[in-house]
Amino acid sequence: MKVINSIVFFGTSNLGSARTFYKDLIGLDLFKDQGKCLIFSTPGGGMLGFCNHLHDRSREGDPIITLLTENVDEFHRKLISAGVVCTDPIVNEEFNIYHFFTSDPDGHRLEIQRFLEE
């Protein structure tokens, strides 16, 4: 018996907005559309699910969805040019990362991050 993958589910008020944001803007592949839930694959394993029957807790400030990339600045430019409000990318010396924050259409905190070499 072993775990083969994982899905973290979040509430959404609008599946169409979630699909547009995560598939079209962020570039994640849609793994499964279950009608009430959309499940997106993330490269390297793991999945993110967004369901319109779950309570949306995004206004409480956590959790944070962190997506890893080598192209933090490219993601930042793409999101900004699409009208998405983002913080400026910065180096966080405490965690040795380069990152910025934004929010998805439901207000879930989204971090785009790259680990820096040590």
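The values are calculated or read from the model by the stated rules, or taken from the named source; none is laboratory data. The shown structure was predicted, so the numbers you read here are calculated from the model rather than taken from an experiment. Ideal geometry is used to build each Cβ from the backbone, glycine not excepted, and the neighbour counts take in all protein chains shown. Surface areas here come from the heavy atoms of the whole protein model, side chains and all, with no ligands, DNA or RNA. Shrake-Rupley method; radii C 1.70, N 1.55, O 1.52, S 1.80 Å.
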Q: Mind jotting down the three principal axis lengths of the chain based on Cα atoms? Whole angstrom, largest first.
A: 41, 41, 26
Q) Which distance in nm do the two modelled labels at Glu70 and Leu30 give, with both placed 7 Å along the Cα-to-Cβ direction? A) 3.0 nm
**Q.** Förster radius 35 Å - calculated FRET efficiency between Asn52 and Arg77 (Cβ-Cβ, nearest 0.05)
**A.** 0.70
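For the chain, what does the relative contact order come out to in percent, with C-alpha contacts under 8 Å and a separation of six or more?
Worked out over the chain, it gives 25 percent.
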Q. Angle between the Cα long axis of helix 72-81 and the longest principal axis of the chain, 0 to 90 degrees, nearest 10?
A. 70 degrees
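Once the piece of chain linking Leu116 and Thr20 is laid out straight, how much longer is it, given 0.36 nm per residue of separation minus the C-alpha distance between them? Walk me through the numbers on the way to the answer.
Values: separation 96, 0.36 × 96 = 34.56 nm, distance 2.99 nm.
31.6 nm is the gain from fully extending Leu116 to Thr20.
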Q: Could you provide, to the nearest whole Å², the per residue accessible area of the chain with probe 1.4 Å?
A: 63 Å²
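Below 8 Å between Cα atoms, with a sequence gap of 6+, how large is the relative contact order for segment 72-118 in percent? Walk me through the numbers on the way to the answer.
On the way: 68 pairs, mean separation 14.9, N = 47.
Reported as a whole number, the value is 32 percent.
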Q. Which of rounded, prolate, oblate describes segment 1-54, given a ≥ b ≥ c as roots of the alpha-carbon gyration tensor eigenvalues and a/c under 1.5 marking rounded, otherwise prolate only if a/b is larger than b/c?
A. oblate
Q) Given R₀ = 41 Å, FRET efficiency for Val84-Asn5 by Cβ-Cβ distance, to 0.05? A) 0.90
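Run lengths n ≥ 4 of DSSP H only: what is the helix-derived mean residue ellipticity at 222 nm for the chain, with -39500 (n - 2.57) per run over all residues, to the nearest 500? Intermediate results must be reported in sequence, preceding the final value.
Values: 2 runs with 15 residues, N = 118.
Here the helix-only value at 222 nm equals -3500 deg cm²/dmol.
Total Lys pairs in the chain closer than 23 Å by alpha-carbon, pairs eight or more apart in sequence or interchain only?
Details: Lys2/Lys32; Lys23/Lys32; Lys23/Lys36; Lys23/Lys78.
So the count works out to 4.
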